[in-house]
Amino acid sequence: MHTTIEFPHIGIHLESVGNHISVFGFDIAYYGIIIGLGILAGIVIAVLEARRTGQNPEDYYDLAIYAVIFAIIGARLYYVIFSWDMYKDNLLSIVNIRQGGLAIYGGVIAAVITVIVFARIKKLSAPLLMDTAGLGLVAGQMIGRWGNFFNREAFGEYTDWLLAMRLPVDAVRGSDITERMREHMETVEGVSYIQVHPTFLYESLWCLLVLVLLLAYRRHKRFDGEVFLMYLAGYGFGRFWIEQLRTDQLLLPGVGFPVSQLLAGVLVVVSAGLIIYKRRKARFFD
C-alpha cells in the first residue's frame, strides 16, 4: 500500500503517512490515539468550565467514565446498524474499531441519554451538565476527525479546488471511490491517485468555529441547556452540507437518503425552535 497524502494546490506533499505505530510488536492505530486525545481534551475543557461556573469538577470526572464508554458503544452501533451488509457475515468484526467505523451522532445520542440518567441519579441539572460537557464534546470532535485523515476515510467527491486532497487508490476502500473519481484518476509512476474533498478537514474546522462561538456566547445564555442546543444547531448546520459531499454516507434502508444528513437537518430545526421558544419565555418572565 502506498502511503502518500498530498494537497497539490497548496504545495503539501506527505511522502509517508502510516496508520499505526508499533510498540513492542503491537500495532497501535493512530485512529485510536487521535480519538483518545479528543476525549482527553474534551474532559479537560468540561472540567475547566465546571470550575468557572462553580460546579463540582468531580461530577464531570465521574460522568466522563460512563459517557465515554456508552458514547463509543453508541457510535459503533449507529455505524454498524446502517452498514449492516459490511458486518452480517463476520459478526466479530463489529468489535474491531481500530480501522474506524464510529458515527458521531450515535455517540451524541448515547452521551445525552447517559447525562440524563446520571443527572437523575446524582440529583443534578441535566441541561447544565449538557451545556458544560457540550463544550468538551465539540472540542473532542474537532480533534477526533483527524483520525479519519490517517485512515484515508470520510472524504468527499472529486474536486479540483484549492484544498483538494490526493490519495493513492490502493490506500482507500474501493466502495468509497465513485465513477467521477475514476474518470479523473491520475497515474504517476505506476501508482493511481484520486483527488477528493477532505471533508474530515472541513468538519474539523467547522467544529473549531462552533467551539469559538460557544465559548464567546456561554456567558450570555438565558437558560440552562441553551449552549448545548446551540451546539446541536451549529454542528448540525455544518454537518448537513458536509455530509452531502461524502462518498461513505450511511443510508436509510429502503430510502437511500443519508441518515446523518437527515438527522442534522432535523436537529437544526428543532434546536433553533427550542432556543427561540425558551428565550422568548425567559424574556416574558424577566
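Worth a mention:
Matching residues to (1) crowded, with 18+ Cβ neighbours inside 10 Å; (2) of a type in the set (D, E, K, R); (3) closer than 14 Å to Leu245 by Cβ:
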{"site": "Thr178", "(1), (2), (3)": "no, no, yes"}
{"site": "Arg182", "(1), (2), (3)": "no, yes, no"}
{"site": "Glu186", "(1), (2), (3)": "no, yes, no"}
{"site": "Tyr193", "(1), (2), (3)": "yes, no, no"}
{"site": "Pro198", "(1), (2), (3)": "yes, no, yes"}
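- Candidate set: the stretch 208-252, residues that are touching a residue at least 24 places away in the same chain (Cβ under 8 Å), out of contact with any Ser or Thr (no Cβ under 6 Å at 6 or more places or on another chain) and of a type in the set (Val, Ile, Thr); chosen: the one nearest to Arg182 (Cα to Cα): Val210
- Residues that are on the phi < 0 side of the Ramachandran plot and surrounded by 19 or more Cβ atoms within 10 Å (Cβ to Cβ) within the stretch 222-237 comprise Glu226, Val227, Phe228, Leu229, Met230, Tyr231, Leu232, Ala233, Gly234, Tyr235, Gly236, listed in sequence order.
- Residue that is surrounded by the most Cβ atoms within 10 Å (Cβ to Cβ) [pool: residues in the stretch 1-45 that are among the charged types (D, E, K, R) and closer than 22 Å to Leu163 by Cα]: Glu6
- Scanning the stretch 54-63 for residues that are touching a residue at least 40 places away in the same chain (Cβ under 8 Å) and part of a helix (DSSP H, G or I) yields a count of 4.
- Candidates in the stretch 78-125 are the residues that are part of a helix (DSSP H, G or I) and of a type in the set (S, T, N, Q); of these, the one that is nearest to Val172 (Cα to Cα) is Ser93.
- Residue in the stretch 219-239 that is among the β-branched types (Val, Ile, Thr), assigned to a helix (DSSP H, G or I) and under 15 Å from the mean Cα position of the chain (by Cα) present: no
- Any hit, the stretch 246-264, residues being more than 18 Å from Ala154 (Cα to Cα), among the aromatic types (Phe, Trp, Tyr) and loosely packed, with under 14 Cβ neighbours inside 10 Å: no
- From Gly36, Gly25, Gly74, residue being of a type in the set (Gly, Ala, Ser), on the phi > 0 side of the Ramachandran plot and without any contact (Cβ under 8 Å) to a residue 40 or more places away in the chain: Gly25
Residue-by-condition table, conditions (1) in contact (Cβ under 8 Å) with a residue 60 or more places away in the chain; (2) over 30 Å from Ala111 (Cβ atoms); (3) small (Gly, Ala, Ser):
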position	(1), (2), (3)
Ala139	yes, no, yes
Met142	yes, no, no
Pro168	yes, yes, no
Arg182	no, yes, no
Gln195	yes, yes, no
Ser204	yes, no, yes
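- Listed conditions (1) β-branched (Val, Ile, Thr); (2) closer than 24 Å to Ala41 by Cβ; (3) touching a Gly at 6+ places or on another chain (Cβ under 9 Å) are all met by Val196, apart from (2).
- Exactly one residue among Tyr78, Tyr105, Tyr87, Tyr60 is out of contact with any strand residue (DSSP E or B) (no Cβ under 7 Å at 6 or more places or on another chain), surrounded by 15 or more Cβ atoms within 10 Å (Cβ to Cβ) and closer than 15 Å to Leu128 by Cα, and that residue is Tyr60.
No lab work stands behind these numbers, since they all come straight from the coordinates. All of these numbers come straight from a predicted model, not from anything done at the bench. A quick note on method: Cβ atoms are made from the backbone with ideal geometry, for glycine too, and the neighbour counts reach across all protein chains shown.
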